[in-house]
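Asker: Okay, handing you the structure first.
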Amino acid sequence: EMETLLGETERAEALLALALDQSGLLDLPELVWKAAIDLAWSNQQFDQARDLYERLLLKTDHVKVWLSYVNMEVALQQMDKARSLLERANQSLKSLSLPAERVILFEAWRQLEQEHGNVESQAKLAPRLPQRMPDGRWKFPDDELAHEEEGSNANVDERLLEMAKQWKRQAE
C-alpha cells in the first residue's frame, strides 16, 4: 500500500508477486490476493487481473472468489465472459458436492440477469434455479436433466455417494 501511495506501482507489483509465491506461509493470504487483484484493476491491467483470478481458482473454489471474478467481468461489460465463469463455477461447485455454495451462486446469477441481462437470458436461467425440497435439501434442475440424459449407472453411484456424504454430515 505504501509503494502504491508513493506511485511505485512496479515495486508494489513485485512485492505482491513475492507475497503470492509465499502465500502458503501467510496467515491471511486472501488479503494479498485481493491487494494484487485490486492493484491490477486500478491500473486497468484487466488481463493481469484475470490471470490472478485464474491462479487463485487453482488454489480455492470458494464461491466468493468466483463471484468476485464474475463481478469484474460485469464491470467490464463482458457479460458473455461473466456467464461463462458462472457456468464454470457451477460445474466446479457441483463436482465438489457443495450445494449451499451453488445456491449462493445461482442467487447471484439470478440477480445479475435481472440487473444486466434481458428477457431471454432471464427466461433461460429461470428453469435452472435450485428449488428447496420439503426435507431441506436443494434440487438442481440441471442435475436432474443431466441424470435423465445420461441414464447411466455412474449417475446412480454419484447420487448414492452424495446421499452417503449428506448422511455423514447429519450424523456428525
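The values are calculated or read from the model by the stated rules, or taken from the named source; none is laboratory data. This one's a predicted model, so the numbers in the text were calculated from it and none came from an experiment. Remember, those area values only see protein heavy atoms, side chains included, never the ligands or the DNA or RNA. Shrake-Rupley method; radii C 1.70, N 1.55, O 1.52, S 1.80 Å.
Asker: Accessible area per residue for the chain in Å², computed with a 1.4 Å probe and the full protein assembly in place, what is it?
Answerer: Working: 11500 Å² over 172 residues.
That works out to 67 Å² for each residue.
Asker: Roll a 1.4 angstrom probe over the protein heavy atoms and tell me the percent of accessible area of the range 49-172 that is carbon or sulfur.
Answerer: On the way: 4100 of 7980 Å².
Answer for the range 49-172: carbon and sulfur cover 51 percent of the accessible area.
Asker: Leaving out ligands, DNA and RNA but keeping every protein chain, what accessible area does ASP143 have, in Å² rounded to the nearest 10, with a 1.4 Å probe?
Answerer: Approximately 20 Å² for this residue.
Asker: Cα convex hull of the chain: how many Å³ per residue?
Answerer: Values: hull volume 26.1 nm³, N = 172.
It comes to 152 Å³ per residue, whole-number rounded.
Asker: Please give the calculated 222 nm ellipticity per residue for the chain, where each DSSP H segment of at least 4 residues contributes -39500 (n - 2.57) and the sum is spread over every residue; nearest 500 deg cm²/dmol? Walk me through the numbers on the way to the answer.
Answerer: Numbers: 10 runs with 129 residues, N = 172.
Helix contribution divided over all residues of the chain: -23500 deg cm²/dmol.
Asker: What is the range 39-172's relative contact order, in percent, from Cα pairs under 8 angstrom and six or more apart in sequence?
Answerer: On the way: 75 pairs, mean separation 16.8, N = 134.
Relative contact order for the range 39-172 comes out at 13 percent.
Asker: Could you work out the relative contact order of the range 29-118? I mean the mean sequence separation of Cα pairs under 8 Å and 6+ apart, divided by the number of residues, in percent.
Answerer: Working: 55 pairs, mean separation 17.5, N = 90.
So the answer I get is 19 percent.
Asker: Hey, another quick one. As a test of reading the structure, rank LEU161, LEU85 by solvent-accessible area (1.4 Å probe, protein chains only), most first. Please list the in-between numbers first.
Answerer: Numbers: LEU161 100, LEU85 10 Å².
Most to least solvent-accessible, the answer reads LEU161, LEU85.
Asker: If you rank LYS94, LYS64 by how much accessible surface each has, with a 1.4 Å probe, what is the order from largest down? Show your work: numbers first, answer last.
Answerer: Working: LYS94 55, LYS64 145 Å².
Greatest to least solvent exposure: LYS64, LYS94.
Asker: When all protein chains stay in place, what accessible area (Å², nearest 10, 1.4 Å probe) is found for SER97?
Answerer: 30 Å²
Asker: Rank SER95, SER121, SER68 by accessible area, highest first, at a 1.4 Å probe radius? Mind dumping the intermediate values first?
Answerer: Values: SER95 90, SER121 20, SER68 45 Å².
From most accessible down to least: SER95, SER68, SER121.
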